[in-house]
Amino acid sequence: MTNPSLRSVVLGVGSYLPARTLTNHDLAKIVDTSDEWIFQRTGIKERHIAAEGETTSMLGEKAARAALANAGLVPDDIDLIIVGTSTPDWTFPSTATQIQAALGITHGAAFDLQAVCSGFVFALATAEKFLRSGSHKRALVIGAETFSRIIDWEDRTTCVLFGDGAGAMVIEARPSSGAASERGILTTHLRSDGRHRDKLHVDGGPSATRTVGHLRMEGKEVFKFAVGKVTDVVADAFAATGVTPDELDWFVPHQANRRIIDMSAQKLGIAPKKVIATVHLHGNTSAASIPLALSAATADGRIKQGDLVMLEAVGGGFTWGSALIRW
Ligand code: ACO
């Protein structure tokens with residue numbers, strides 16, 4: 001049973017992008033595309049690509065250390081690690097256990113969660129439920145991906161969209177009166193509909209093909225779904241808390257595509273000045289995108305303690321979800 005007197009409070013965020021950048025101009029040398037085409041349709045300017053041998057857990061560890069430093073904590077303070085990823089280092093063990101070991105943590109639990117681009121919101125919703133139950137005290141919630149490894153670099157319809165990166169958040173269980181004015185995660189809403197595999201999937205896997213496979217996507221269908229349907233979880237968050245779009249300070253959606261971001265905000269009645277968008281800097285980094293955007297917007301002083309922040313994500317499956325946070 002959930003303990004009504006506990007709430008998960010954000011203590012810090014951090015992120016990491018691999019050193020190598022790949023610009024739209026660089027991509028135009030690999031496939032038949034142009035900076036103009038990519039930027040007009042997606043808002044993306046460049047993405048980062050992990051070095052040979054640089055794995056998802058290595059990116060995740062760096063983001064985790066940055067989030068811990070931001071929170072003023074050390075690895076030993078953490079007793080739960082949940083990693084949202086679709087590009088794990090290995091089929092098993094989990095990327096979360098690799099990060100746990102790299103951080104030198106030998107207590108608590110660590111596991112991966114697979115919800116593709118919704119991975120961070122699903123991991124956050126899961127972690128905050130653990131914390132509110134009283135079973136764990138402080139969680140590292142990480143989104144880490146190396147999508148460059150599952151991209152078909154000859155397919156211009158997908159290779160221009162994605163990049164590698166990682167982001168992390170530290171949350172802590174704290175006593176709460178339940179008021180919306182108090183800091184912490186106010187509500188989370190998760191949805192899935194497994195009928196849509198063909199629209200966005202990887203065509204390989206240990207059980208089906210014994211291979212890793214490549215990402216395949218029906219871009220137009222994904223676009224329609226992302227804008228048309230998934231805003232329902234944000235409406236659910238408003239309904240559950242009585243918060244209105246006007247009261248929001250920031251809207252931090254999954255960073256897939258600038259047009260999806262702007263159209264979603266417009267549909268929800270959220271003013272453009274409240275939208276955090278960093279997709280131009282790193283492309284679609286799947287589960288890493290929201291904590292990457294949060295890190296940027298806290299580092300530059302936009303998101304401040306006490307602000308109301310709405311997260312929203314959609315990903316393969318389809319999966320989609322929201323989280324409303326009093327920062
Ligand atoms: N460069 C140049 N031309 C291209 C490229 C490219 N990289 N890719 C496709 N084209 C061509 C197509 O071949 C097509 O040519 P044709 O008219 O001669 O057949 C033309 O451009 C138009 O293609 P469309 O697919 O109709 O382009 P559209 O305007 O739909 O844009 C895009 C494609 C950007 C993929 C869009 O559909 C989209 O953003 N979809 C959402 C996908 C997404 O964000 N997925 C992320 C994963 S899911 C998630 O994170 C939620």
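Coordinate-derived values only; no laboratory data. No experiment lies behind these values; they were computed from the predicted model shown. Note: ideal-geometry Cβ built from the backbone for every residue, glycine included; neighbour counts use all protein chains shown.
Before moving on, here are some points about what is shown:
- Packing-based exposure ordering (other Cβ within 10 Å, fewest first) of Phe92, Phe238, Phe120, Phe111: Phe92, Phe111, Phe238, Phe120
- Dipole moment magnitude, nearest 20 debye, region 184-326 about Cα centre, only Lys, Arg, Asp, Glu C-beta charged: 320
- Taking His254, His48 and counting other C-beta atoms within 10 Å, the order from fewest to most: His48, His254
- Paramagnetic label reach from Thr157 (point 7 Å along Cα→Cβ; backbone nitrogen cut-off under 19 Å): within region 185-210, residues 196-204.
- Taking the DSSP beta bridges with both ends in the chain, the antiparallel portion is around 70 percent.
- Alpha-carbon centroid distance for the pair region 144-213 / region 25-100, whole angstrom: 11
- Here the peptides 215-228, 61-74, 132-145 are ranked by packing, the mean other Cβ count within 10 Å, and the order with the highest first is 132-145, 61-74, 215-228.
- Each label was represented as a point 7 Å from its Cα along the Cα-to-Cβ direction; for Glu54 and Lys29 these points are 1.8 nm apart.
- Of all DSSP beta bridges in region 6-175, antiparallel share, percent nearest 5: 70
- Kyte-Doolittle at least 0.0, axis length at least 20 Å by Cα - qualifying DSSP helices, the chain: 56-71, 119-133
- Percent RCO, i.e. relative contact order, over the chain, from Cα pairs under 8 Å lying at least 6 residues apart: 26
- Which listed pairs, of Lys220/Lys274; Lys274/Lys304; Lys62/Lys129, have C-alpha distances above 20 Å, in listed order: Lys220/Lys274; Lys62/Lys129
- Computed over the Cα atoms of the chain, pair by distinct pair, the Kirkwood hydrodynamic radius stands at 19.4 angstrom.
- The Cβ shell under 11 Å around Thr95 holds other residues with a net charge of -4, Lys and Arg each +1, Asp and Glu each -1.
- Size of electric dipole in region 6-175: Cβ of Lys, Arg +1 and of Asp, Glu -1, about Cα centre, debye, nearest 20: 680
- Cβ-Cβ distance of Ala102 and Val212, R₀ of 25 Å, FRET efficiency by 1/(1 + (r/R0)^6): the value works out to about 0.65.
- Translational D in µm²/s for region 17-63 (Stokes-Einstein at 10 °C, 1.306 mPa s, Kirkwood Rh from C-alpha pairs): 133
- Residues in region 109-145 that a label on Glu247 would reach, taking backbone N under 15 Å of a point 7 Å out along Cα→Cβ: none
- Estimated 222 nm signal from helices in the chain, with DSSP H stretches of n ≥ 4 weighted -39500 (n - 2.57), rounded to 500: -9000 deg cm²/dmol
- The calculated FRET efficiency for the pair Arg149 and Gln305, based on their C-beta separation and a Förster distance of 30 Å, comes to about 0.20.
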